[in-house]
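A quick write-up on the structure given underneath.
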Amino acid sequence: MTDASDPLAGLLRAERLTAVVDIGANPIDGEPPYKGMLSRRLCTLVGFEPQAEALAKLNASKSDLETYLPYAVGDGNPGTLKVCQARGMTSLFTPEPRVLNLFPGFAQFGRVVQEIAIDTRTLDSISEISTLDLLKIDVQGAELAVFRNGKSRLGTAV
């Protein structure tokens, strides 16, 4: 199923493509850690990005191995997405000013510029995920909600 001429593929000898799930897929700081596998066609990707602008960019440049969905993954309850001036700081949680002020520039980066009412979905309830081998997550503090509500999916991860 994989390219045997690729040294990594030869080492892994996978019977199927690795299934990567990326929660918070907005590429804010360079390439994602699985990019090498994706470019070598060693994995599939299901990515989640609730910010419309970032989702549009991801969809505009995706390959046939990538699927991006507009879901906010969390505890399954309604929430409010706090869109920050620095989009990578966007979160379901309001940034804490006392903490932001400890770092130069972060008070401005973490300034909430928009609030969007959203419904979150649990990791276990998302039907578009058929298999999960590798999870990349960047959800600015909501990781525990994802983990608590994704035990079945995470139980099968490598």
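So Phe93 ticks every box in (1) part of a loop (DSSP other than H, G, I, E, B); (2) within 13 Å of the chain's Cα centre (by Cα) but one. Which box is left unticked?
Going through the list (1) part of a loop (DSSP other than H, G, I, E, B); (2) within 13 Å of the chain's Cα centre (by Cα), Phe93 breaks only (2).
Can you name every residue in the range 101-138 that is exposed (fewer than 11 other Cβ atoms within 10 Å of the Cβ) and of a type in the set (Gly, Ala, Ser)?
Within the range 101-138, Gly105, Ala117, Ser127, Ser130 meet the criteria.
Please tell me if Gly88 is at positive phi and either of a type in the set (Lys, Arg) or surrounded by fewer than 18 Cβ atoms within 10 Å (Cβ to Cβ) (or both).
Details: at positive phi: no; either of a type in the set (Lys, Arg) or surrounded by fewer than 18 Cβ atoms within 10 Å (Cβ to Cβ) (or both): yes.
For Gly88, the condition - at positive phi and either of a type in the set (Lys, Arg) or surrounded by fewer than 18 Cβ atoms within 10 Å (Cβ to Cβ) (or both) - is not met.
Do the conditions hold for Ala56, that is, is it surrounded by 14 or more Cβ atoms within 10 Å (Cβ to Cβ) and over 19 Å from Ala142 (Cβ atoms)?
So Ala56 does not fit the description; no.
Using the structure shown, decide if Ser127 is under 17 Å from Glu49 (Cα atoms), without any contact (Cβ under 8 Å) to a residue 12 or more places away in the chain and small (Gly, Ala, Ser).
yes
Determine which single condition Ala72 fails, assuming it passes every other condition in (1) modelled with pLDDT of 95 or more; (2) within 14 Å of Gly24 (Cβ to Cβ); (3) out of contact with any Leu (no Cβ under 9 Å at 6 or more places or on another chain).
Going through the list (1) modelled with pLDDT of 95 or more; (2) within 14 Å of Gly24 (Cβ to Cβ); (3) out of contact with any Leu (no Cβ under 9 Å at 6 or more places or on another chain), Ala72 breaks only (3).
Checking the condition of a type in the set (S, T, N, Q), closer than 22 Å to Leu134 by Cα and in contact with a strand residue (DSSP E or B) (Cβ under 7 Å, 6 or more places away or on another chain), which residue from Thr67, Thr94 passes?
Among Thr67, Thr94, only Thr67 is of a type in the set (S, T, N, Q), closer than 22 Å to Leu134 by Cα and in contact with a strand residue (DSSP E or B) (Cβ under 7 Å, 6 or more places away or on another chain).
Since Lys82 meets every condition but one in (1) touching a residue at least 12 places away in the same chain (Cβ under 8 Å); (2) over 20 Å from Val146 (Cβ atoms), which condition does it not meet?
Exception for Lys82: condition (2).
Checking the condition free of Cβ contacts under 8 Å to residues at least 60 places away in the same chain and under 23 Å from Lys35 (Cα atoms), which residue from Leu135, Leu154 passes?
Answer to the check: Leu154.
The values are calculated or read from the model by the stated rules, or taken from the named source; none is laboratory data. Only a predicted model underlies this, so the values are computations on that prediction, with no experimental measurement involved. As a convention, Cβ positions derive from the backbone with ideal geometry for all residues, glycine included, and neighbour counts pool all protein chains shown.
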